[in-house]
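The values are calculated or read from the model by the stated rules, or taken from the named source; none is laboratory data. Being a predicted model, the structure only gives us computed values, none of them experimental. Note that each Cβ is placed from the backbone with ideal geometry, even for glycine, and that neighbours are counted across all protein chains shown. Quick note on the areas: whole protein, heavy atoms, side chains included, nothing else; ligands and nucleic acids left out. Shrake-Rupley method; radii C 1.70, N 1.55, O 1.52, S 1.80 Å.
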Amino acid sequence: MSFENLFRQVLNIPSIPKVVQELINNFNDSNTSARDIAQKLQMDQTLSVKVLRLANSARYGCGRKINSIDAAVITLGFDALKTLVIASGLTAACKSIPGLNQKQFWRTSFSVANLTKMFAKLSGRDGEVAYTCGLLHNIGDTLLFLTHKEQMANIEVMCATGADRATLQQSQFGCDFTDVGAELARRWNFPEEICLAIAYQQKPEQCPSPNTYPLLLHLAIHLHDDLSSGKKPAEAVAHLPKEKAADLNIDTLQLLEQLTYLLNKEDDIESFIN
């Protein structure tokens, strides 16, 4: 199945709020200020509420109560605010996907986003770009559910027993969530480095251009999967693919320390998914 055929089957491709689209369009524009974003954000009450929920969440919060968009701008800064707006816009855009377990989907998305950001910070890369890569890593599943609800439901059952999601999707559709997700991100005008991270998350060494984010995302997903399977933090860190992890020059003890801190934070993801 070609991307064009797949996207033609979706009568209503998830659309993101206007302020989010404007932010994506100016993702790397140094002339876009936090004040510009805040003023536009305040005109979208629903999105503003979601941004404030996320800003005050234990997973992303800074330990201080943030009760207004202006306070979010001052406390978090532009880069973090940008990430929060995008995260809030994505959850709003993909709220009604028939057959998709919304809570599980976003729980995984936010968990991988936090782990990708952790790897980025430890390796001296941009944590907010990494967070966005993690948040979008499985966004292709939303379109596959919209076009192939029953087949995707069957794939979910098989994945629960250990089957590989991408392999099953390739055999059924001729493409998988990484291909579809990268294309959707491009149609939403995300920077190419993020699109490539989504496309090459399972094979970062094959990325056609110099880009660390596929590797950061790959390691984050690997760590997330190990933790989800019941491995203790120390076991999961020790199980990371050594050659790939070595490319980032991350100190293992520091990684374990940061991971333990992250996992000990209160899990309140549902507070801003709903």
Could you list, in sequence order, all residues of the stretch 119-147 that are in a helix (DSSP H, G or I), open to solvent by 20 Å² or more (accessible area, probe 1.4 Å) and within 16 Å of LEU219 (Cβ to Cβ)? LYS121, LEU122
Of residues in the stretch 203-262 being part of a helix (DSSP H, G or I) and of a type in the set (S, T, N, Q), the one least open to solvent (accessible area, probe 1.4 Å): THR260
Mind telling me which of the residues ALA38, ALA71, ALA80 ends up being surrounded by 14 or more Cβ atoms within 10 Å (Cβ to Cβ), under 21 Å from ASN114 (Cα atoms) and at pLDDT 75 or above? ALA80
Give the residues of the stretch 184-202 that are in contact with a Leu (Cβ under 7 Å, 6 or more places away or on another chain) and not in a loop (DSSP other than H, G, I, E, B), sorted by residue number. LEU184, ALA185, ILE194, ALA197, ILE198
Matching residues in the stretch 131-148 (under 16 Å from ARG187 (Cα atoms) and either aromatic (Phe, Trp, Tyr) or touching a Gly at 6+ places or on another chain (Cβ under 6 Å) (or both)) number 2
Selected residue (only one of ALA153, ALA87, ALA120, ALA130 is touching a helix residue (DSSP H, G or I) at 6+ places or on another chain (Cβ under 6 Å) and more than 22 Å from GLU22 (Cα to Cα)): ALA120
In the stretch 41-68, the residues that are at pLDDT 75 or above, loosely packed, with under 12 Cβ neighbours inside 10 Å and assigned to a loop (DSSP other than H, G, I, E, B): MET43, LYS65, ASN67
Qualifying residue in the stretch 188-201 (condition: crowded, with 16+ Cβ neighbours inside 10 Å and farther than 15 Å from PRO214 by Cβ): yes
The listed residue being in contact (Cβ under 8 Å) with a residue 40 or more places away in the chain, acidic (Asp, Glu) and within 21 Å of ASP44 (Cβ to Cβ), out of ASP141, ASP79: ASP79
Considering only the stretch 148-172, how many residues are open to solvent by less than 10 Å² (accessible area, probe 1.4 Å) and of a type outside the set (A, V, I, L, M)? 1
Modelled with pLDDT of 75 or more, open to solvent by less than 30 Å² (accessible area, probe 1.4 Å) and either more than 30 Å from CYS175 (Cα to Cα) or not in a helix (DSSP H, G or I) (or both): is that true of VAL20 in this structure? no
Against the definition (modelled with pLDDT of 90 or more, open to solvent by 10 Å² or more (accessible area, probe 1.4 Å), β-branched (Val, Ile, Thr) and over 20 Å from ILE13 (Cα atoms)), how does THR116 come out, yes or no? no
With the first residue restricted to the stretch 172-198 and required to be within 18 Å of ALA93 (Cβ to Cβ), and the second required to be polar (S, T, N, Q) and at pLDDT 90 or above, Cβ contacts under 7 Å at 6 or more apart or on different chains are PHE177/ASN138; PHE177/GLN169; GLY181/ASN138; ILE194/THR132; ILE198/THR178
Which count do you get for residues in the stretch 89-111 that are open to solvent by 50 Å² or more (accessible area, probe 1.4 Å), more than 17 Å from HIS148 (Cα to Cα) and modelled with pLDDT under 85? 1
